[in-house]
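The values are calculated or read from the model by the stated rules, or taken from the named source; none is laboratory data. Just so you know, these numbers come straight off a predicted model, no measurement behind them. FYI the Cβ positions are ideal-geometry reconstructions off the backbone, even for glycines, and counts take in every protein chain you see. Heads up: the accessible areas ignore ligands, DNA and RNA and are worked out on the full protein's heavy atoms, side chains in. Shrake-Rupley method; radii C 1.70, N 1.55, O 1.52, S 1.80 Å.
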Amino acid sequence: MFELANARIAIIGLGYVGLPLAVEFGKKFNCVGFDINSDRVAELKSGKDSTLEVEPELLKQADKLSYSDNTDEIKDCNVFIVTVPTPIDQHRRPDLSPLEGASRMLGGILKKNDVVIFESTVYPGASEEVCVPIMEEISGLTYNRDFFLGYSPERINPGDKEHRVTTIKKVTAGSNAQIADFVDEIYQSIITAGTHKASSIRVAEAAKVIENTQRDLNIALINELALIFNKLGIDTEEVLEAAGTKWNFLPFRPGLVGGHCISVDPYYLTHKAQEIGYNPEIILAGRRINDSMGAYVAESIVKLMTQRRIHVVDSRILIMGLTFKENCPDLRNTRVVDIISEFEAYHANVDVYDPWVDAAEAKHEYGLDVIPEPKAGIYDAIILAVGHHQFVEMGVDKIRRFGKADNVLYDVKYALPKDQVDGRL
């Protein structure tokens, strides 16, 4: 009944996760990449990917892949892989509306023996507790009798050209033993790094959500150490380099924690924990520390400016970098905006420069006007917020030229020589 050779695959959502997956499946299977954004579909049909995750030559290799924003064109598929985002709302609560929307859409086209596989990050139990009832109600089909569920959490690292979808080991799970084998077989067909079959969907969901929670907590520890060492007048990088000479010391560095995973996923786990009556103190403490780092960076720069008798009010600030990480155009949940907000509260004039960013997207998402190029000699403070290779290659001298004769240069990313900047985390 569930034979790999008969798989007709639809990928629901063509963002950073869905597109690379669709391309790999589209090399071997009849595959439709579906997205509700018609502009995104048109872009991909023209052979371009604005996320820069998949190069044009790789798009061409997927000769069995087509793109569509029409649900009629995925009705004949029998395997649906859902890769929609799972963000948080303004109150830091899970926003499952994209997942619920995808479930409603699938409920309208599900057939007997179809398999739905979710890749979106959720709290343990969400796929079966939230998505399944929606699909059952709309389709009139019964879960685990008429249609079946799989889960294989995404592990895409935006901008990373070394760790790609096929070279990252994949966790898989299914709603029963037969489906678990089928889901595992599907991914084994494209994942050269291999798979790990979990015992249940809930285990796979939990495994995904703690991957980024662990990383978030490790960064929070280093951020807190940076706060302590800065008060003690000790260089944090020197401390970390010294401690790193021990073989089992983990090489984390302080910084802003944003993006669609590390700064979001822990809130999915804490939401479920609180729902069952447990208060996750350590996880939430780590989140508070990491969420506070933008304000701390701004405060540190204001102190440096004040020490040089540079008036913060009406000053000109250049922030270099807006994306949540280096060398990628992804703006999701970037914490650079926290630094911008702090300086705007001081009535400073802030310019943001980022050659990786789509200006229209920055305006739409954050109301920010990204400048095409900084002018020389006009800034009181310059903040290297994201370590794009263009900025590193500029070097300190060229970056300093954007500033006035007496300016403050602050390095958030440890990308510049420490003896040539005025401050860093």
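Residue by residue through the range 286-298, note down the ones that are surrounded by 13 or more Cβ atoms within 10 Å (Cβ to Cβ), part of a helix (DSSP H, G or I) and not aromatic (Phe, Trp, Tyr). Outline the logic, then answer.
As a first pass, look at the range 286-298 and keep what is surrounded by 13 or more Cβ atoms within 10 Å (Cβ to Cβ): 286-287, 289-298.
Okay, now just the ones that are also part of a helix (DSSP H, G or I), so 286-287, 289-291, 293-298.
Answer for the range 286-298, where residues must be surrounded by 13 or more Cβ atoms within 10 Å (Cβ to Cβ), part of a helix (DSSP H, G or I) and not aromatic (Phe, Trp, Tyr): Gly286, Arg287, Ile289, Asn290, Asp291, Met293, Gly294, Ala295, Val297, Ala298.
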Exercise. Working only within the range 312-330, note down all residues that are open to solvent by 50 Å² or more (accessible area, probe 1.4 Å), assigned to a loop (DSSP other than H, G, I, E, B) and either at pLDDT 95 or above or basic (Lys, Arg) (or both).
Key: Val313, Asp314
Quiz item: Conditions: (1) surrounded by fewer than 13 Cβ atoms within 10 Å (Cβ to Cβ); (2) in contact with a Phe, Trp or Tyr (Cβ under 6 Å, 6 or more places away or on another chain). Gly277 meets all but one. Number of the miss?
Solution: (2)
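Just to be sure before I move on: is Thr192 touching a helix residue (DSSP H, G or I) at 6+ places or on another chain (Cβ under 8 Å), under 27 Å from Asn113 (Cα atoms) and not aliphatic (A, V, I, L, M) in the structure I sent? Before the answer, list the steps.
Working: touching a helix residue (DSSP H, G or I) at 6+ places or on another chain (Cβ under 8 Å): yes; under 27 Å from Asn113 (Cα atoms): no; not aliphatic (A, V, I, L, M): yes.
Considered against the rule, which asks whether it is touching a helix residue (DSSP H, G or I) at 6+ places or on another chain (Cβ under 8 Å), under 27 Å from Asn113 (Cα atoms) and not aliphatic (A, V, I, L, M), Thr192 comes out as no.
From Lys303, Lys272, Lys231, which residue is surrounded by 16 or more Cβ atoms within 10 Å (Cβ to Cβ), among the charged types (D, E, K, R) and in a helix (DSSP H, G or I)?
Numbers: Lys303 fails: surrounded by 16 or more Cβ atoms within 10 Å (Cβ to Cβ); Lys231 fails: surrounded by 16 or more Cβ atoms within 10 Å (Cβ to Cβ).
Residue meeting the stated conditions: Lys272.
From the list Glu224, Glu237, Glu241, which residue is acidic (Asp, Glu), assigned to a helix (DSSP H, G or I), within 25 Å of the chain's Cα centre (by Cα) and closer than 29 Å to Gly423 by Cβ? Outline the logic, then answer.
Numbers: Glu237 fails: within 25 Å of the chain's Cα centre (by Cα); Glu241 fails: within 25 Å of the chain's Cα centre (by Cα).
Glu224 is the lone residue from the list that is acidic (Asp, Glu), assigned to a helix (DSSP H, G or I), within 25 Å of the chain's Cα centre (by Cα) and closer than 29 Å to Gly423 by Cβ.
Just a yes or no: is a residue in the range 157-165 open to solvent by 10 Å² or more (accessible area, probe 1.4 Å), touching a strand residue (DSSP E or B) at 6+ places or on another chain (Cβ under 7 Å) and either within 29 Å of Thr213 (Cα to Cα) or modelled with pLDDT of 95 or more (or both)? Show your work before the answer.
Going through the range 157-165, the residues open to solvent by 10 Å² or more (accessible area, probe 1.4 Å) turn out to be 157, 159-165.
Among the residues that remain, those that are also touching a strand residue (DSSP E or B) at 6+ places or on another chain (Cβ under 7 Å) are: none.
Within the range 157-165, not a single residue is open to solvent by 10 Å² or more (accessible area, probe 1.4 Å), touching a strand residue (DSSP E or B) at 6+ places or on another chain (Cβ under 7 Å) and either within 29 Å of Thr213 (Cα to Cα) or modelled with pLDDT of 95 or more (or both).
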Quiz item: Are any residues in the range 1-51 in a helix (DSSP H, G or I) and open to solvent by 10 Å² or more (accessible area, probe 1.4 Å), and if so, which ones?
Solution: Leu4, Ala5, Asn6, Pro20, Glu24, Ser38, Asp39, Arg40, Ala42, Glu43, Lys45
Quiz item: Looking only at the range 331-351, which residues are modelled with pLDDT of 95 or more and either part of a helix (DSSP H, G or I) or of a type in the set (A, V, I, L, M, F, W, C) (or both)?
Solution: Val336, Val337, Asp338, Ile339, Ile340, Ser341, Glu342, Phe343, Glu344, Ala345, Ala348, Val350
